[in-house]
Every structure is written in structure tokens, then in C-alpha cells.
Amino acid sequence: MSDPKIVNLSDLPWTPWTTREGVAVEIRDPARKLGSSHCGLRVYRLTPGMQATRLHRHLLQEEMFLILVGTGTLRHGDRDVPVKAGDFILYPAGEESAHTFVNTGLVPMEYIATGDRVAHEVCEYPEDGTVYVEALDKTLRNED
């Protein structure tokens, strides 16, 4: 019999991740730490005034979020939606509205992000005019 796969979040470091100015977050990734290949689960910590990711939408991957601590704004397409601790948000695969979080509160906002992992994914970044194609491991510029 094998041992259960267990990791305590307090044993994982906060790993900084950023893509450009104003977009930065810290991440704990227990699912990858334990070798998960079908499901993802990360804990995010977002500093006041920062945006978590570029505005994006997944064509094949489902995402779910649970706000644990703090308040912020969910950028949902062209709308700003207030979020707070206890809010649960679902983005089914192919959801037409792009999304990201901005911490508009006064304390770090922490939330869980989880979803399925798929072998082939297309992720659109409408503000950048790009798409990421996971099967190619390449970002492509949208052609008008």
C-alpha cells in the first residue's frame, strides 16, 4: 500500500509570478507539488492595486475560483464585478467573457483557483491581441 499524497500549504513557498507592470501575483501550487496531471489547484495572493493575470479566456479548460480573504474586482469582459471572501466563481470552458482579478481592497486578496487540465488548450488574450496554443507551446498574434 502506498502512502497518501499530502502537503501542507504552510510548507509551500509563495512563488512570485508576473507578466508585465501592474500584473503580478504570488502562487502556492499544491497540486503540481504532489504530481497532479488531470486537475489543477493553486492558491493566489494578490497585493492591493495589482491585477492577477492578463485578461483572458480559455476555450477548452474550465476554471473555478473561491475568494478566501479580502475584496477585489472581477474583470468580466467589459464589466467590473465586486468580489469578496466567500464568493465562488465559475468559468466553463468556452465562456465568451475574458476575466481576471484586481485587488481593489486594502489587504492582500487570497483565492483558490482550480480546474481541469487538458492536453490541448487555446487561451485568448483580447487586450494583447494574442492567443496561446498549448499543443504548440506557442503564443500567436491574432490576425485581423
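The values are calculated or read from the model by the stated rules, or taken from the named source; none is laboratory data. Everything numeric in this text was worked out from a predicted model, so none of it was measured. Just the protein is used for accessible areas: all its heavy atoms, side chains included, with ligands, DNA and RNA removed. Shrake-Rupley method; radii C 1.70, N 1.55, O 1.52, S 1.80 Å.
Below are the figures for this structure:
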{"item": "Overall form of the stretch 2-73 per C-alpha gyration tensor (a/c, 1.5; a/b vs b/c)", "result": "prolate"}
{"item": "Extended-chain gain in nm, criterion 0.36 nm per residue less alpha-carbon gap, residue 32 and residue 119", "result": "29.8 nm"}
{"item": "Long-range amide H partners of residue 85 with built H, under 5 Å", "result": "70"}
{"item": "Residue 68 - accessible surface, heavy atoms, 1.4 Å probe, Å² rounded to 10", "result": "80 Å²"}
{"item": "Global geometry of the stretch 54-144, whether rounded, prolate or oblate, following the gyration tensor of its Cα atoms and the 1.5 cut on a/c", "result": "prolate"}
{"item": "Gain on full stretching of the segment that runs from residue 6 to residue 135 - 0.36 nm per residue minus C-alpha separation", "result": "43.4 nm"}
{"item": "Residue of 42, 20, 54 that the Gaussian network model of the chain assigns the largest fluctuation, springs spanning Cα pairs under 10 Å", "result": "20"}
{"item": "The chain, relative contact order [Cα under 8 Å, separation at least 6], %", "result": "24 percent"}
